[in-house]
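The values are calculated or read from the model by the stated rules, or taken from the named source; none is laboratory data. The structure presented is a predicted model; accordingly, all values stated were derived computationally and were not measured. Reconstructed Cβ throughout: ideal geometry from the backbone, glycine too, with neighbour counts over all protein chains shown. For accessibility, only protein heavy atoms count, side chains too; no ligands or nucleic acids. Shrake-Rupley method; radii C 1.70, N 1.55, O 1.52, S 1.80 Å.
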Amino acid sequence: AKSDGRSCFRFFDEKLQPSIEFKASLENDLRDAIFDRDIIPYFQPQVNHRHELIGAEILLRWQHPKHGMISPAEFIPIAEDSDIIHRIGTEVLQSACKQLAIWQNNPETAHLVLSVNISARQFMQKNFVETVLSSIQIYHCSGSRLRLEITESLMLKNINELATKIEKLRSYGITLSLDDFGTGYSSLSILRSFPLDEIKIDKSFVDHMLENANDAHIIRTVINMSNHMGMTVIAEGVETEAQEAFLAENGCLNYQGYLFGKPMPLDDFSDYIKKPLS
Ligand code: C2E
Ligand code: CA
Ligand code: CA
Ligand code: CA
């Protein structure tokens, strides 16, 4: 085990796989984990070029009773390998809708959009759209403040079914964001095939765009394309003012990253809402 520098515990990396027994024991613990007590939604701010808060992405943290904080990069894949992802996925959606309903009652927070990560396996579940719509109905929140972050891994699945689901969700005002843009091989084909609302530039491009000319070209091209196709574009992993300046100069006007705030528990995020950035 090693620390990954984000105050989360890592049990394995690319080279070192966890033992099958250990993975099975984590899977068992995950099955018993209680949402909002062991598995906690964190909120990472999203801001525009005037540094106004526009919303947040929900990122889960697992407070394991024995092993401490476990990163979603570790436990989401375990959840995705079983049916646990369906329960966790539904709970995150409900937690988002509950929070949106609270924000919508206050004119100062009514505009905030919450982004929720959706696993391919979760999205392709037969009653996924119904799960989303019932979360909205239970809490009476507006669909237009809920954003679903999907990845191109969905392209490997049934295309017709995918199109029907995307259309249905969008008819309720729910927006879709293409996460991890450019990290796989089919980012462009997903854009050709489906109407999406937002492209999220992956942190790996933002990390290197100031030194690597190719990454800079790719980012400029993605921003241009998004603007021409009527999609908004947000950059993830923005850590420095120099990165923000480069993105702004090239027409990317929305940002998420440590420069503006790390993922934080709801209490801290509520304080964050009250004291806007300068
Ligand atoms: P992601 O969706 O690509 O999320 C972005 C990751 O970048 C998050 O890692 C976030 O904490 C991190 N990040 C954001 N800004 C910065 C920055 O400026 N510097 C650095 N160093 N990191 C930054 P995190 O929270 O560890 O989440 C990892 C992945 O776990 C997410 O990647 C997402 O794929 C998955 N995940 C998290 N919550 C959920 C969930 O509720 N459902 C599903 N299906 N997946 C989730
Ligand atoms: Ca995401
Ligand atoms: Ca990413
Ligand atoms: Ca991801």
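A few remarks follow.
- A cut-off of 5 Å between modelled amide H atoms, ignoring neighbours fewer than 5 places along the same chain, links Leu176 with Leu148, Asp197, Glu198.
- In the range 67-153, the GluC sites (Glu not before Pro) that fall in loop regions by DSSP, at most 15 other Cβ within 10 Å: Glu108
- Potential lengthening of the chain between Ser134 and Gln63 amounts to 22.8 nm, from the contour at 0.36 nm per residue minus the alpha-carbon distance.
- Percent carbon-and-sulfur accessible area, the range 203-260, ignoring ligands, DNA and RNA, probe 1.4 Å: 53 percent
- In terms of its C-alpha gyration tensor, the range 154-242 comes out prolate, because a/c is 1.5 or above and the ratio a/b outweighs b/c.
- For the chain, taking Cα atoms only, Rg and Dmax work out to 18.5, 51 Å respectively.
- Cross-link table Lys126/Lys157; Lys66/Lys200; Lys126/Lys262; Lys66/Lys126; Lys168/Lys200, entries beyond 24 Å C-alpha to C-alpha: Lys66/Lys200; Lys126/Lys262; Lys66/Lys126
- Each 10 Å bin from zero up to the one holding the largest Cα-Cα distance in the range 90-174 carries the following percent of pairs: 17, 52, 24, 6, 0.
- Accessible area of the chain divided out per residue, in Å², using a probe of 1.4 angstrom: 49 Å²
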